[in-house]
Amino acid sequence: MGYVLDLRRQVGHQPLVVAGAALMAQNSIGKIVLIYRTDNHCWGLPAGSTEPGETVQQTARRELKEETGLTVGELTLIDVYSGPKMHYQYPNGDIIDSVTTLYRANTTGGELIQATDETSTAAFFALDALPTPLTPLTKWMLCGE
């Protein structure tokens, strides 16, 4: 997230409109991988901000690899999420209005890593047995709430 961090140095906590991508990566039995975030202590989809020159598809694949260690095959577009429900304030005070493209894909490789600089756990869950709490953005994308 170098681009957004660079902007943050200039604008502080002011709201930013941020393009990004999220990925519903499914294993062979249809469970999706979620990460437990260390900043807000919620479960969420692997997701992140698009870097300059990067497509949202590349963002989805990069964030999945960075946050879970997994790779996926062909991406299927689910939807693009924007508007008031995508307004979010991070625990550190940073505010974003996210425009997030959500994809679904099947895992094809890699090994599930448990901790990164942003996460403490990664695990697979059935869509009808999601953990709590979910990040507000993930809850909206997966549950419509």
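The values are calculated or read from the model by the stated rules, or taken from the named source; none is laboratory data. Just so it is clear, the structure is predicted and the values come from calculations on it, not from any experiment. Note: ideal-geometry Cβ built from the backbone for every residue, glycine included; neighbour counts use all protein chains shown.
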- The residue that is surrounded by the most Cβ atoms within 10 Å (Cβ to Cβ), considering only those in the stretch 101-116 that are outside any strand (DSSP E or B), out of contact with any Leu (no Cβ under 7 Å at 6 or more places or on another chain) and touching a residue at least 24 places away in the same chain (Cβ under 8 Å), is 113
- Query: Any idea which residue in the stretch 39-90 is surrounded by the fewest Cβ atoms within 10 Å (Cβ to Cβ), counting only those that are among the hydrophobic types (A, V, I, L, M, F, W, C), in a loop (DSSP other than H, G, I, E, B) and in contact (Cβ under 8 Å) with a residue 60 or more places away in the chain?
  - Reply: 42
- For the stretch 6-20, indicate whether the set of residues that are assigned to a strand (DSSP E or B) and under 21 Å from residue 143 (Cβ atoms) is non-empty. yes
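Please count how many residues of the stretch 117-130 are loosely packed, with under 12 Cβ neighbours inside 10 Å and either out of contact with any Lys or Arg (no Cβ under 6 Å at 6 or more places or on another chain) or at pLDDT below 95 (or both). Give the derivation first.
Pass one, the stretch 117-130, residues loosely packed, with under 12 Cβ neighbours inside 10 Å: 117, 126, 128-129.
With the extra rule that they be either out of contact with any Lys or Arg (no Cβ under 6 Å at 6 or more places or on another chain) or at pLDDT below 95 (or both), the set shrinks to 117, 128-129.
Adding up the residues that qualify gives 3.
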